[in-house]
Amino acid sequence: NDFASASISLRESLRFYKLKRLDSDTASTLHVLGRVLDKSGEFTASRECYEEALDLRKNTLGIDDLLLASTQHCFACLLLKKNGTDDSAFDLLAEALSTRERKLGKES
């Protein structure tokens, strides 16, 4: 559980992906970095990663994509953990569930 090393490696990758304008890789790295920062107790930095990942995924993949739904779910969990009841978190969870049901079916 060496979150500090993981964070450093992910930030290095992130710099490269942003420099090369690789939005899909940037969004994926931001998502993972958001999870690592969450596990490290860095709420504000984690939130920023998720917000940027959401924007990138919406702009590159559209609003009906499973990767976007995954980021929405993780971000919502972070918000609920930090804030307890949070309407924006519930909205994110509803959007993620709706996308998953459309893509995978209700029984998935």
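A quick yes/no check of all residues on (1) open to solvent by 50 Å² or more (accessible area, probe 1.4 Å); (2) β-branched (Val, Ile, Thr):
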| position | (1), (2) |
| --- | --- |
| Asp65 | no, no |
| Thr71 | no, yes |
| Cys77 | yes, no |
| Thr85 | yes, yes |
| Leu97 | yes, no |
| Arg100 | yes, no |
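Of the residues Ala53, Ala45, the single one that is touching a Phe, Trp or Tyr at 6+ places or on another chain (Cβ under 9 Å) and either among the polar types (S, T, N, Q) or part of a helix (DSSP H, G or I) (or both) is Ala53. For the stretch 42-63, taking the residues that are over 12 Å from the mean Cα position of the chain (by Cα) and not aliphatic (A, V, I, L, M), the one that is least open to solvent (accessible area, probe 1.4 Å) is identified as Gly62.
Evaluate the following for Leu79: is it under 19 Å from Leu14 (Cα atoms), in a helix (DSSP H, G or I) and in contact with an Asp or Glu (Cβ under 9 Å, 6 or more places away or on another chain)? Spelling it out, it is not the case that Leu79 is under 19 Å from Leu14 (Cα atoms), in a helix (DSSP H, G or I) and in contact with an Asp or Glu (Cβ under 9 Å, 6 or more places away or on another chain). Checking Lys39 against (1) more than 14 Å from the chain's Cα centre (by Cα); (2) open to solvent by 70 Å² or more (accessible area, probe 1.4 Å); (3) in contact (Cβ under 8 Å) with a residue 12 or more places away in the chain, only one condition comes out false. Which one? For Lys39, the failing item is (1). Close contacts from the stretch 94-108, counting a first residue that is closer than 13 Å to Ile63 by Cβ and a second that is of a type in the set (Val, Ile, Thr) and at pLDDT 95 or above, with Cβ to Cβ under 9 Å and a gap of 6+ residues or different chains, come to Ala96/Thr71. The residue list Ser24, Ser13, Ser28 contains one member that is open to solvent by less than 60 Å² (accessible area, probe 1.4 Å), more than 22 Å from Leu79 (Cα to Cα) and either in contact with a Phe, Trp or Tyr (Cβ under 7 Å, 6 or more places away or on another chain) or not in a loop (DSSP other than H, G, I, E, B) (or both), which is Ser13.
Quick one: in the stretch 69-83, which of the residues that are among the polar types (S, T, N, Q) and without any contact (Cβ under 8 Å) to a residue 40 or more places away in the chain is farthest from Phe43 (Cα to Cα)? Step by step, filter the stretch 69-83, then rank; the result is Ser70.
The values are calculated or read from the model by the stated rules, or taken from the named source; none is laboratory data. Since we're looking at a predicted model, the values are computed, not measured. Here Cβ is always computed from backbone atoms with ideal geometry, including for glycine, and neighbour counts include all displayed protein chains. The protein model used for the area step is the full one, side chains on, heavy atoms only, and it has no ligands, DNA or RNA in it. Shrake-Rupley method; radii C 1.70, N 1.55, O 1.52, S 1.80 Å.
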